[in-house]
């Protein structure tokens, strides 16, 4: 408790005792000495009270500055206390949440409505150093769970920016007009007239919901114990990342999917160049030059390239005449980053087989792609579907959307054989 509050309470007690003693017509010698002692203590407490107020005000200011300057690292460390296992047990057995998990869930509920238990995005981060507890007598020792295979996150490697939106929609205005400039033709001539400053809005709307369903058997919960926390976390993280990458590049814009780069290229004004020839370094070099002439890239090192593994196979097998250097070697030696994915791009089709490649660049600190997520992950339990077997079925709902910034920061190459 604060010192000022303790002193205030003591002052109130002294006043009550003095009121009792002063009310007597003939106080005894002991009572007179007691009044003098209480009076002296009261005056000293007044000095202590003023000093404590000054000290506590300084402490409040320092605490306020610390809260205002708290970094994302502190927020991340706080989120590390969130336990998905508590959420699973709460949905399955009705167990009460406790600790930081309960505090975070309560805070998220005040920010929006959730049918199930809200799970912050930071809780899906993969944590290191957590294993199954040991030292419990068991005839069979269960090793840590072996995870499923998921495609690595491609959107982030290609420069996409993840943005969390609380509620509503978000728009990014992009300049579309050009400022006129020119020289006066004579001593009294006028400079060229002004042009209207116009912008084009790039909206992110909460119209697309992604659902991840998981069925956790009773054996899994009893067998894995605390290890299930990390397994569920990694499984949900991998599933959402894989679905998100596919939507960013291959989203059809129909059947609930957001519009991806390939389907929305024409609407966003993204340049699409048909190669219709074998993939080689010259095709990608020409695209990089187009970036540079449009002032979208300062050089090959600032360009990201997304290709299918089949493109790597063909280019690496194509050696330059008289050398041991392949077309692939020339490409990776010049370009900034090459990302290969069989999830973010469709498999080659046609005869001969043709594939697609995507090039992006970030200039002026502006990412080429924006991926919006709304609120937190809404984790809902289905108590009926698996009630007979005692299993736990969970559904994680997320709301996402995709848009681009400047269309000149992205280019698509088609017909790469």
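Every number here is computed from the coordinates shown, using simple stated rules; none is lab data. Small disclaimer: the values here were computed from a predicted structure and weren't measured. Glycine gets a Cβ as well: all are built from the backbone with ideal geometry, and neighbour counts include every protein chain shown.
Determine the calculated [θ] at 222 nm for the chain from helices alone, applying -39500 (n - 2.57) to every DSSP H run no shorter than 4 residues and normalising by the residue count; nearest 500 deg cm²/dmol.
Numbers: 11 runs with 159 residues, N = 417.
Calculated mean residue ellipticity at 222 nm is -12500 deg cm²/dmol.
Looking only at 206, 194, 309, which one moves most when the chain is put into a Gaussian network model with springs between Cα atoms under 10 Å? Among 206, 194, 309, the largest mean-square fluctuation in the Gaussian network model of the chain belongs to 194.
Classified by the C-alpha gyration tensor, the chain has an oblate form. Its axis ratio a/c, with a ≥ b ≥ c, is 1.5 or above, and a/b does not exceed b/c. Each principal axis of the Cα cloud of segment 289-389 was evaluated for its coordinate range; sorted largest first, these ranges are 70, 38, 24 Å.
The residues 42, 384, when put in order of fewest to most other Cβ atoms within 10 Å, stand as 384, 42.
Taking the Cβ of each residue in 216, 311 as the centre, tally the other Cβ atoms inside 10 Å and list the residues starting with the fewest. Before the final figure, lay out each step's value.
Numbers: 216 20, 311 26.
In order of increasing Cβ crowding within 10 Å: 216, 311.
Which shape class, rounded, prolate or oblate, goes with segment 3-68 when its Cα gyration tensor gives a ≥ b ≥ c as root eigenvalues, a/c under 1.5 marks rounded, and past that a/b bigger than b/c marks prolate?
Numbers: a/c = 6.41, a/b = 3.77, b/c = 1.70.
Prolate is the answer for segment 3-68, as a/c is 1.5 or above and a/b outweighs b/c.
Bridges between two residues of the chain, per DSSP, are antiparallel at a rate of about 75%.
With N counted as the residues of segment 72-118, its alpha-carbon radius of gyration over 2.2 N^0.38 Å works out to 1.17. Ordering 246, 334 by the number of other Cβ atoms within 10 Å of each residue's own Cβ, fewest first, gives 334, 246. Within the listed set 347, 297, 88, the residue fluctuating most in the Gaussian network model of the chain (springs between alpha-carbon atoms under 10 angstrom) is 347. When the Gaussian network model of the chain links Cα atoms closer than 10 Å, the mean-square fluctuations of 175, 55, 360 top out at 55.
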